[in-house]
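A short write-up of the structure that comes next.
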Amino acid sequence: MNLLTVEDIAKSYGERVLFEKLSFGINKDQKIALIAKNGTGKTSILNMLSGADAPDQGKVNYRKGIRTSFLEQEPNLDPKMTIEETIFASDNEVLKVISNYENALENPDDEDAYQRAFEAMERFGAWDFETQYKQILSKLKLEDLHIKVGLLSGGQKKRLALANALINRPDLLILDEPTNHLDLEMIEWLEAYFAKENMTLFMVTHDRYFLERVCNEILELDQGLLYSYKGNYSYYLEKKEARLEQEATEHHKSQQLFKKELDWMRRQPKARTTKSKSRIDDFQEIKEKASKRRTAHQVQLEINMERVGSKILELHKLVKSYPEKPILDKFDYTFTKGERVGIIGKNGTGKSTFLNIITGTDQPDGGKVVVGDTIKFGYYTQKGIPIKEGQKVIEVIREFGDFIPLMKGRQISAQQLLERFLFDRKKQYDYVEKLSGGERKRLYLCTVLIQNPNFLILDEPTNDLDIVTLNVLESFLLDFPGCLIVVSHDRYFMDKIVDHLFVFRGNGVIEDFPGNYSDFRTYEDSKVIEQRAEKVHQTASKTANTNWKSDDRSAKLSYMEQKEHKQLEKDIQKLEREKKAMEQRFLTEDLTGNDIAELSKHLKQLTDDIESKTERWFELSAILEG
């Protein structure tokens, strides 16, 4: 079933034509990814599909009555609403039923309202839906539903917008870089979610493992033309290579024919017949084909960086913490020549802080950093570079350097480096404020590399970069002879570039893992399987000894027990919040001896209530599951 049809759309800005006469369709259950270089029209196409923009020509037709959600890179959310209010503000009918049921639980005295809400939950099959949406919020680390949107970070807002899109279960979900601002655990969960759910997706993403495991079709926008590949990322790479080889063969044939026709044209008399006029027209077409050039660049550099001494970088018993949040706990490490380290860990575990300490932009609470005399850092941060009005691309890079020295006395100039990173000569004289977000990141990378560092530190260099640029960057880094530290959520990139990992576990724990990201996942998955097997064994033993479900109660909860089960969830959450607030008072307030005694008494009562209600909740849950 066709959900959306795009017919002959075109878009240009002034004299710059992005694309013309593009057509494609989206059918039910397709999972399509759009691949293109930054600045060639990906975002424009997404905006047209979402209705935020209109094509200069052509049209976008939706099937009547379908529900669509669009995940933007920068979501537009109401800052005054809470997370919960944002979710329930949707026009999804099942969410309204759940909201009414939640309100009925808050007012247990109104038996009729509760009965109506309960029956509606049954009628709409909302129990499973409620479980699923709570799981989505939990996986995306959005568990405190009472926080105002205005207090959330940019990453949290993106995760909330993603949760909203998933919970609403639209007929068509359009996603712009869905894995940005997600840590690796969240990305892998989302990957598995999309792989198993019958959802229709149209997305732009640079995450190549995500493309491999989720998508069943790739659309590539290349030099204004759209190519379709009916398969995942591996299939796309294979078929694209075959297409390029075919184009190269045809290009060679066109050049040979062009030479032959050019010779014929030169020998033509001035008086031309109709037959020769037709051949002249054909000649113009042949000439156009023969003059086409591909703009892709392969990086093959022998960089002649500054000499590296015997001492590179030593970290001695580094300590760093924030209130109730340890980052480093007596961390020791000595870097050797040519070392390539990847850093992974959940958001907020201190990865960027660690890099700032190494480079001297932040100071440890204890220990010391010893940097070798010959070391020259190149530090790519997430902040990027400030944009100066009226400054051109080439002027920006020349502020940092004019060339990179290569072996045998050769060099690569600032202009040549920009070309390698896909800024052609014309683009180099564009004003920086005209660049897209991804193009600015590319330019920032060039400003770091032109300084010819011998120790590169890259903090999320892959964010907002297109796949073509990622391939260029990977080629450059594979040729780079110095030390390298990379923080990235791009698993494909990490597998290709690094030799071992620093795994930030949180609470100051950092593990040195001897392998790349795929090796690490294999190791972690084997640990999880072992732990689950042990847990099953322990549970089986416990059940054999004390079968607490041996009474005659049926496996179905009664009406009142179902009501009690739901109310217990609410009560436990409320008591946990009260307990947390009370514990915080012990830490932040000046208390007298009497105050401490009174609070301690109240805290014990809260703890007992939580334990009692939790035990009853588990008992009812076991009956429900049994």
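The values are calculated or read from the model by the stated rules, or taken from the named source; none is laboratory data. In this text the structure is predicted, and so the values were computed from the model without any measurement. The area values use the complete protein model at the heavy-atom level, side chains included, leaving out ligands, DNA and RNA. Shrake-Rupley method; radii C 1.70, N 1.55, O 1.52, S 1.80 Å.
Here are the numbers for this structure:
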read-out: By accessible area with a 1.4 Å probe, ligands and nucleic acids excluded, highest first: order of F24, F124; value: F124, F24
read-out: Close Lys-Lys pairs in region 1-104, where close means Cα under 20 Å and separation is 8 or more or interchain; value: 11
read-out: Stokes-Einstein translational diffusion, region 150-236 - Kirkwood Rh over all Cα pairs, 1.002 mPa s, 20 °C, in µm²/s; value: 153 µm²/s
read-out: Out-of-range pairs (alpha-carbon distance over 28 Å; input K346/K601; K240/K496; K157/K392); value: K346/K601; K157/K392
